[in-house]
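The values are calculated or read from the model by the stated rules, or taken from the named source; none is laboratory data. If you're wondering where the values come from, they're calculated on a predicted model, not measured in any experiment. Reconstructed Cβ throughout: ideal geometry from the backbone, glycine too, with neighbour counts over all protein chains shown. Surface areas here come from the heavy atoms of the whole protein model, side chains and all, with no ligands, DNA or RNA. Shrake-Rupley method; radii C 1.70, N 1.55, O 1.52, S 1.80 Å.
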Amino acid sequence: MIVTVHVKPNTRANSIVWLDESTAKVTVVAVPENGKATTAVADLLAKHYGIAKSRVTLVRGATTRMKQFSIEI
């Protein structure tokens with residue numbers, strides 16, 4: 001399953017707002033340095049789906065706010 005995510009880093013709280021089944025807006029407390037925000041988004045998605053962090057991988061968008069993650073369910 002591929003999930004498209006619009007990331008807003010450096011916010012007050014972590015949250016996920018789903019726009020449809022495969023698109024979400026995610027806010028994370030982590031700063032956008034050295035992949036910290038991307039890692040925080042992957043961790044949040046893993047927690048949401050109840051799977052291990054290793055089953056969430058970044059497919060596209062390492063340095064942009066629009067990212068795509070592959071979720072192995």
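Things worth noting here:
- Per DSSP, loop trypsin sites (Lys or Arg not before Pro) in the chain with at most 11 further Cβ within 10 Å: ARG12
- On the chain, 52 percent of the accessible area sits on carbon and sulfur atoms, based on a 1.4 Å probe.
- Over the chain, the ratio between the Cα radius of gyration and 2.2 N^0.38 Å evaluates to 0.96.
- In the chain, the DSSP beta bridges split such that about 75 percent are antiparallel, to the nearest 5.
- If you plug the beta carbon distance of ASP20 and THR63 into 1/(1 + (r/R0)^6) with R0 = 25 Å, you get a FRET efficiency near 0.50.
- Cβ charges +1 (Lys, Arg) and -1 (Asp, Glu), total dipole of the chain, debye: 200
- The angle between the Cα long axis of helix 36-49 and the main principal axis of the chain comes to about 40°, on a 0 to 90 degree scale.
- The mean accessible area for residues of the chain, using a 1.4 Å probe and ignoring ligands and nucleic acids, is 64 Å² per residue.
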